[in-house]
Amino acid sequence: MIDTHAHLDHPRFDEDRAEVIRRAGAAGVFRIVTVGCDLKSSREAVGLAAANEAVFATVGIHPHEAEAAAADDPEMIAELAGNPKVVAVGETGLDYHYNFSPPAVQMDMFRRHVRMARTLGLPLIVHEREAGEDLLRVLREESAGEAGGVVHCFTGSRDVAAGILELGFHISVGGVVTFPNAAQVREVVAWLPLDRLLLETDSPYLAPQVQRGKRNEPANLPHIAEAVAALRQVEPERLAEVTDANAAALFRW
């Protein structure tokens, strides 16, 4: 399996990062995409990818970090994106739940990332929380379908999911699908076209229900795959085969 979204640079992995990557491989997770959220973490993601055959990187500025970013950070992100192990631009997008950055600032940074992805010929890693309508509007206005991408850790409605699919994007699901109160997520996962579905852990966040309260890590991906396979009424091996192919197509492996 491929973990399409993790944050291996996170300080919670500082004491055992190499062991975390080893455990992932032992659990059948043979590739991990580690995701940048600002200039510093993007640089660290690229370094981790360079040092580990199984790790690939993305570079970007998360909506939470949009206001704190320096004026030239997007240009430096674009330079990092030239590294051969960088497979996408992001994490970018909109988050109206916390609003750690003002919505207007988030939207401006999001548009810059979409344009960057189109220019560089890379897909997008997109974050969305309580901002579905604005997210779809920006993606449409900026012709994001030309770049493609994935809305990660999707927790939105079926209507928003349909809009994402219309743009040619993928949708990724993580540990939330196992939570008892996540009926809407399970409904969307059961409905999604299988060829648009990706799996992720979002490590160290959102551990699946069997690990709730603990640090999440890529080795937990099989728990998520089992839950999704049950919803889709397919064997876990078949789900892994299809979602691996989807990830390979998206990241152009």
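Every number here is computed from the coordinates shown, using simple stated rules; none is lab data. From a predicted model like this one, the values you see are computed outputs, not experimental measurements. Cβ atoms come from the backbone with ideal geometry, glycine included; neighbour counts cover every protein chain shown.
Of note:
- Qualifying residue in the range 202-217 (condition: buried (at least 20 other Cβ atoms within 10 Å of the Cβ), part of a strand (DSSP E or B), in contact with a helix residue (DSSP H, G or I) (Cβ under 8 Å, 6 or more places away or on another chain) and touching a residue at least 24 places away in the same chain (Cβ under 8 Å)): yes
- Hey, Arg43 over 22 Å from His113 (Cβ atoms) and either basic (Lys, Arg) or in contact with a Cys (Cβ under 9 Å, 6 or more places away or on another chain) (or both) or not: no
- Residue in the range 77-90 that is of a type in the set (Gly, Ala, Ser) and under 15 Å from the mean Cα position of the chain (by Cα) present: yes
- Among the candidates Leu221, Leu250, residue that is in a helix (DSSP H, G or I), in contact (Cβ under 8 Å) with a residue 60 or more places away in the chain and more than 16 Å from Val150 (Cα to Cα): Leu221
- Within the range 46-67, the residues that satisfy the criterion of being under 16 Å from His113 (Cα atoms) and out of contact with any helix residue (DSSP H, G or I) (no Cβ under 7 Å at 6 or more places or on another chain) are His62, His64, Glu65.
- Thr155 meets all of the listed conditions (1) touching a helix residue (DSSP H, G or I) at 6+ places or on another chain (Cβ under 6 Å); (2) of a type outside the set (D, E, K, R); (3) free of Cβ contacts under 8 Å to residues at least 40 places away in the same chain; (4) part of a helix (DSSP H, G or I) but one, namely (4).
- One residue stands out in the range 77-126 among those that are in contact (Cβ under 8 Å) with a residue 40 or more places away in the chain and acidic (Asp, Glu): the one that is farthest from Leu139 (Cα to Cα), namely Glu91.
- Exclusive hit being touching a Lys or Arg at 6+ places or on another chain (Cβ under 9 Å), surrounded by fewer than 20 Cβ atoms within 10 Å (Cβ to Cβ) and either within 27 Å of Val87 (Cα to Cα) or basic (Lys, Arg) (or both), set Asp195, Asp244: Asp244
- Residues that are of a type outside the set (Asp, Glu) and buried (at least 20 other Cβ atoms within 10 Å of the Cβ), drawn from the range 81-99: Ala81, Val86, Val87, Ala88, Val89, Gly90, Thr92, Gly93, Leu94
- Thr155 vs. criteria in contact with an Asp or Glu (Cβ under 6 Å, 6 or more places away or on another chain), within 21 Å of Pro123 (Cα to Cα) and not small (Gly, Ala, Ser): no
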